[in-house]
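K.L.:
Pasting in a structure now, in structure tokens, and then I'll have a few things to ask.
The values are calculated or read from the model by the stated rules, or taken from the named source; none is laboratory data. This is a predicted model, so every value here is computed, not measured. Here the Cβ positions follow ideal geometry from the backbone for every residue, glycine too, while neighbour counts run over all protein chains shown. Only protein heavy atoms, including side chains, enter the accessible area calculation; ligands, DNA and RNA are left aside. Shrake-Rupley method; radii C 1.70, N 1.55, O 1.52, S 1.80 Å.
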Amino acid sequence: MNTVRNIIAVDCAEAGGIIGLRRVSRSSVAMSGLTLWKGIPIRVPAKLTVSDKIENGVRLYAAQLAFHTCEEPGERERKVYRCKMADGRYYLIGCNERPYPVTTVNDNHPDNMTDSQLYEVTVSYTSAAMIPSIE
């Protein structure tokens, strides 16, 4: 099956504001439509890398989301991210409990006028549960 796997949109929400989150299977979750998501204007496409490894006999899953935005990111603690794929599927980075994603922001001030002046945002998340799609 050929699908376009580009991330075309990124939203964020407060981890405490995630309502009705429940695991449906190992790789998917369902949640209430009451969660207040805030759209982040990004340069499309964003990059999402999902990997897994075994550490001390426990399988850990890691996600790294990287995107560029023109908006100055505000408060970054305890945020959860929703990534929209070009085919309409969504992935959830983080959940409403620990561990929370770690967000790093680089504020660029280039010495060349043609270089990007957008904020570079990297979100890292590691969990013993698979990085889920949202049903």
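K.L.:
Once amide H atoms are built 1.01 Å from N in the peptide plane, which residues 5 or more positions from Ala129, or in another chain, come under 5 Å H to H?
P.N.:
Distant-sequence amide H within range of Ala129: Tyr61.
K.L.:
Given R₀ = 30 Å, what would the calculated FRET efficiency be for Asp52 paired with Ile19, taking r from the Cβ atoms and rounding to 0.05?
P.N.:
Details: r = 28 Å, r/R0 = 0.94.
The calculated FRET efficiency here is 0.60.
K.L.:
If you don't mind, there's one more thing I want to ask. With every protein chain present, what accessible area does Val105 have (1.4 Å probe, heavy atoms only), rounded to the nearest 10 Å²?
P.N.:
Estimated to the nearest 10 Å², Val105 gives 40 Å².
K.L.:
I need the peptides 98-104, 69-75 ranked by packing, meaning the mean over residues of other C-beta atoms within 10 angstrom, with the highest value on top. Don't skip to the end; give the middle numbers.
P.N.:
Details: 98-104: 15.1, 69-75: 11.4.
Descending packing order for the listed peptides: 98-104, 69-75.
K.L.:
While we're on this one: How compact and how long is the range 53-98, expressed as Rg and Dmax of its alpha-carbon atoms in Å?
P.N.:
Every Cα atom of the range 53-98 included, Rg and Dmax give 14.0, 42 Å.
K.L.:
Once phi is turned into ³J(HN,Hα) by the Karplus curve 6.51 cos²θ - 1.76 cosθ + 1.60 with θ = phi - 60°, what whole-Hz value does each residue of the range 90-103 show in order, with x for glycine and proline?
P.N.:
10, 10, 10, 10, x, 8, 8, 8, 5, x, 9, x, 9, 10
K.L.:
Let me ask something else about it. List the residues of the range 111-135 whose backbone N lies under 19 Å from a point placed 7 Å from the Cα of Arg78 along the Cα-to-Cβ direction.
P.N.:
Under cut-off, by backbone N: 124-126.
K.L.:
Return the inverse of the average 1/r over all pairs of distinct C-alpha atoms in the range 60-133, which is the Kirkwood hydrodynamic radius, in Å to one decimal. Don't skip to the end; give the middle numbers.
P.N.:
Details: mean 1/r = 0.0731 Å⁻¹.
That comes to 13.7 Å for the range 60-133.
K.L.:
May I pose another question? Determine how large the accessible area of His109 is when every protein chain is in place; take a 1.4 Å probe and give Å² rounded to the nearest 10.
P.N.:
Approximately 150 Å² of His109 is accessible to the 1.4 Å probe.
K.L.:
Quick check: at a probe of 1.4 Å, how many percent of the accessible area of the chain sits on carbon and sulfur atoms?
P.N.:
Answer for the chain is 48 percent, counting heavy atoms of protein chains only.
K.L.:
Something else: Just to confirm, what accessible area per residue do you get for the range 54-132 at 1.4 Å probe, in whole Å²? Show your work: numbers first, answer last.
P.N.:
Values: 4680 Å² over 79 residues.
Heavy-atom SASA per residue in the range 54-132 reads 59 Å².
K.L.:
Quote to one decimal, in nm, the extra length available between Ser133 and Ala66 on full extension: 0.36 nm per residue of separation minus the C-alpha distance between them.
P.N.:
Values: separation 67, 0.36 × 67 = 24.12 nm, distance 1.77 nm.
Taking 0.36 nm per residue and subtracting the Cα distance, the gain is 22.3 nm.
K.L.:
Rank Leu65, Leu36 by accessible area, highest first, at a 1.4 Å probe radius? Please list the in-between numbers first.
P.N.:
On the way: Leu65 0, Leu36 150 Å².
Descending order: Leu36, Leu65.
K.L.:
For the chain, take every pair of Cα atoms, bin their distances at 5 Å starting from 0, and report each bin as a whole percent.
P.N.:
Whole-percent P(r) values from 0 Å outward: 2, 10, 19, 23, 20, 14, 7, 4, 2, 0.
K.L.:
When all C-alpha to C-alpha distances in the range 1-69 are sorted into bins of 5 Å, what percent of pairs does each bin hold, rounded to whole numbers?
P.N.:
Histogramming the range 1-69 at 5 Å steps yields 3, 12, 14, 19, 25, 17, 7, 2 percent.
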